[in-house]
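Inspection log for the structure reproduced underneath, given as structure tokens.
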Amino acid sequence: MTEETMLNGCIENNAAAQEALYTRLSPKMLGVCYRFAKNREDAEDMLQEGFIKVFAQIHQYRNEGALEGWIRRIVVHTCINTLKKNKKFSDSLDITYASGVGIREENIPSIMQAKQVVECIRLLPVGYRTVLNLYAIEGYSHKEIGNMLDIEESTSRSQYTRAKAMLEDVLIKKNILLKPRNKTAVSLAGAVATN
């Protein structure tokens, strides 16, 4: 079934088209949910809720950009809304500023694909994990993240800095990243084994 056929079928509430769209995109979207969720069960719940919203709002899609990107935004917002309902999430977003860390920004996106690193990201506290996912992986600005999470832009920046530092520590402890000779010269390039 072509994307256009699926889209038109979904607009008409055709169950076969909805199933085809879900079957095609749910593995990728589950990966998105998994990065935000505490466990696989929570990720699956986020995915289901996300697709319910997709099918309810599919008539609003205007063929501006890829359908997959439009669906991904809905799924990400669903994940965020689910996390925001959780009191622990709100409590984990503090406003203290982190000191500078030595991870080089340009290396973050290149390592995010490794399964081991994604598992390490999931070990971070929910606030850190959420901001890191939104900024480094999903590409949102700190201002956008602040609006999404109802926090200050500076809090988003602080959480991101802290998340990077904590991620570095986890990667070193799990021997995925070599311990730096000095804290100011950390480089993640080539330090992550790919699957």
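Quick notes on this structure:
- D_trans [Stokes-Einstein, Kirkwood Rh over alpha-carbon pairs] for the range 3-85, 10 °C, 1.306 mPa s, µm² s⁻¹: 124
- Residue pairs, from the table Lys53/Lys174; Lys38/Lys174; Lys38/Lys164; Lys28/Lys179; Lys143/Lys174; Lys28/Lys85, whose Cα atoms sit over 30 Å apart: Lys53/Lys174; Lys28/Lys179; Lys143/Lys174
- Estimated from the Cβ-Cβ distance and a Förster radius of 25 angstrom, the FRET efficiency linking Leu178 and Leu123 is about 0.85.
- Here the Karplus relation 6.51 cos²θ - 1.76 cosθ + 1.60, evaluated at θ = phi - 60°, turns the backbone of the range 151-160 into coupling constants of 10, 6, 4, 5, 5, 4, 4, 5, 4, 5 Hz, with x for every Gly and Pro.
- Inter-probe distance in nm under a simple model that places probes 7 Å from Cα toward Cβ, at Asn86 and Ala16: 3.9
No lab work stands behind these numbers, since they all come straight from the coordinates. The shown structure was predicted, so the numbers you read here are calculated from the model rather than taken from an experiment. So basically every Cβ, Gly included, is an ideal-geometry build from the backbone, and we count neighbours across all protein chains shown.
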